[in-house]
1. Can you pull out the GluC sites (Glu not before Pro) in the range 63-107 that DSSP calls coil and that have at most 13 other Cβ atoms within 10 Å?
2. Pop a pseudo-label 7 angstrom from the Cα along the beta-carbon direction at both GLN100 and LEU292 and give the gap in nm to one decimal.
3. Starting from the Cα of PHE219, step 7 Å along the direction of its Cβ; do the same at TYR179; then give the gap between the two resulting points in nm.
4. Taking R0 as 22 Å, what's the FRET efficiency between LYS20 and ARG49 from their Cβ-Cβ distance, rounded to 0.05?
5. Convert each backbone phi in the range 129-136 into a coupling constant with the Karplus relation 6.51 cos²θ - 1.76 cosθ + 1.60 (shift: θ = phi - 60°), then list the ³J(HN,Hα) values in order as whole Hz, x for Gly and Pro.
6. Measuring from label point to label point, each 7 Å out along Cα→Cβ, what is the ALA131 to THR198 span in nm?
7. What FRET efficiency would be calculated for the residue pair PHE169, PHE87, taking the C-beta separation as r and a Förster radius of 22 Å, to the nearest 0.05?
8. Hey, with R₀ at 25 Å, roughly what FRET efficiency would ASN70 and LYS30 work out to, going by the Cβ-Cβ distance, to 0.05?
Amino acid sequence: MSKAQDAMILRGKADTLKIKVIEIGTEEVKYKLWPVDEGMPVMVERKDRINKIIMSNGTVMRFSESEFANASNYTNQRKMAIKMDLFSLLSGTTSIAYEQNIEPGRSWEVGVGMIGLGFNTNETTSPNSGAFFRAGYKFINQPDYYLKGMRYTHIMKGAYIRPEVVAHFYSNKGSTTTYDIPVYNSTTGVYTANQTITKSTTSYSGYAFMLNFGKQWVFSDVFLVDFFVGAGIGSGNSRTTQNSVSTTTVTSSTSYGFYDDYSNSIDLGTGAGMLVNHEGNVGFATQMGLKLGILIGGLTEEK
């Protein structure tokens, strides 16, 4: 009979219970305490309270703390996704992200964006050009209460918190055209004025630590939608180089006497999908995104 003895270790307990396993169900384990007696009652223990059972033949059975954390519930689901941020396209950026699930309730995500490859909605400014990078770790939320048999409908679905770091590097080219007050030449009968064109290139670099709050929906293990808003702290720097060229313009118009000082404005940060301060100070940073994606990778069969 001693060879038929099993052992069970409960969570948070150092002692090993000597038992005889009667039945292992989907949610609970039935057993009798050792040594087994016909008149001894059958005991029942929930599987989420059991750390492991060592069978008499040496086989070790380990149990998850809850069905949410039981990886075997998600063996037939895809656990990788490629996503594109739709909001970034409106700010002149193409942003692509890759997410990899590592265990129930945990994923990591990295992203890269090409600033200037998108729709520039501000026609008064020249487009930004550059790139940004982001990396984060996702914690998927569990319900406030637990019912028997509850688990995620999909391992990559649910509300989450995602801390991440973001860095962007981009530049903007603009020009400023100024005219001196025209001077009338009575001999030739025309106005002349000096025109100065100043071309400038401003380079921006910025970084931020963000805390994002979002929710991800998965449809048929094929498509997903990911919406999030984030807040954090960030900073950045900017550097401008200029080159001026002066020329003389001539006109016969008597209504030419005006002064024009036009300068392209620079939209700070929107090309990177993140608003930060580029004056070298640490300040408040915000972002928002709506991603559409597809799930990739083969299905993992349970062994």
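1. Working: sites: GLU65, GLU67, GLU99; in loops: GLU65.
Answer in residue order: GLU65.
2. 2.7 nm
3. Distance between label points: 5.6 nm.
4. Working: r = 18 Å, r/R0 = 0.84.
Here the calculated transfer efficiency is 0.75.
5. Per residue, the Karplus-derived 3J(HN,Hα) values read 9, x, 8, 9, 9, 8, 8, x Hz.
6. 3.2 nm
7. On the way: r = 20 Å, r/R0 = 0.91.
Efficiency, rounded to the nearest 0.05: 0.65.
8. Values: r = 19 Å, r/R0 = 0.77.
That pair, ASN70 with LYS30, gives E of 0.80.
Values quoted throughout were computed directly from the atomic coordinates according to the rules given, and no laboratory measurement underlies them. No experiment lies behind these values; they were computed from the predicted model shown. With ideal geometry, Cβ positions are generated from the backbone for all residues, glycine too; neighbour counts draw on all protein chains shown.
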